[in-house]
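Accompanying notes for the structure given below.
The values are calculated or read from the model by the stated rules, or taken from the named source; none is laboratory data. Because the structure is a prediction, the values reported are computed rather than measured. Note that each Cβ is placed from the backbone with ideal geometry, even for glycine, and that neighbours are counted across all protein chains shown.
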Amino acid sequence: MIRQEDERSSDLFFKYNYTETKDFCKQFLTLVVAVLVFSLTFSEKVVGYQSASLPARLCLAIAWTAMLISIVSCGIGLTFMALAGGDAVYGGTSYYALADKAYKLIVVAGGAFIVGLILLIVAAITSVTVPPPSGRKATPNTCLEQRLTGVRTIRHVESLWPLAARA
């Protein structure tokens, strides 16, 4: 009788806990990788990385690091969940312990992703509010800053639209 309850428990674990967590991890990994690639691709447009201030650059670098930590943590959590699913299918008894490790890593991945998103927002705000160090070239970001302050220069407009300056 006890053996049947164990088999039923492992079947339920595999049918629901394993399957739902695996699907969640796959979707979460897709989301985190997409946000990371998007932020890497458009870092020059959002923050103006080459001409951004040091705080903006640091926020962006730490945000990317948090996203990478999130990807690695979720990947390891998914691996533990796969081990737990295999243990449940083949009659093992340690699948709940393996799943517990997986859940902890998945929560760490979610926390790192949230930290990364917050730091991306802080980096964008910092790049608008903190002026770039002197001697750096104006970027589209400084154009936004000038729109907010109402100050524009002819040289800045010409640097943004070189074809208009030739006409």
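For the criterion of being assigned by TED's automatic domain parsing to the domain that holds Thr126, among the charged types (D, E, K, R) and exposed (fewer than 14 other Cβ atoms within 10 Å of the Cβ), Lys22 fails. The residue of the stretch 37-53 that is nearest to Thr126 (Cα to Cα), among those that are without any contact (Cβ under 8 Å) to a residue 40 or more places away in the chain and in a helix (DSSP H, G or I), is Tyr49. Within the stretch 45-58, one or more residues are surrounded by 13 or more Cβ atoms within 10 Å (Cβ to Cβ) and at positive phi. If you filter the stretch 92-107 down to residues that are in contact with a helix residue (DSSP H, G or I) (Cβ under 7 Å, 6 or more places away or on another chain) and not polar (S, T, N, Q), you find that the one that is surrounded by the most Cβ atoms within 10 Å (Cβ to Cβ) is Ala102.
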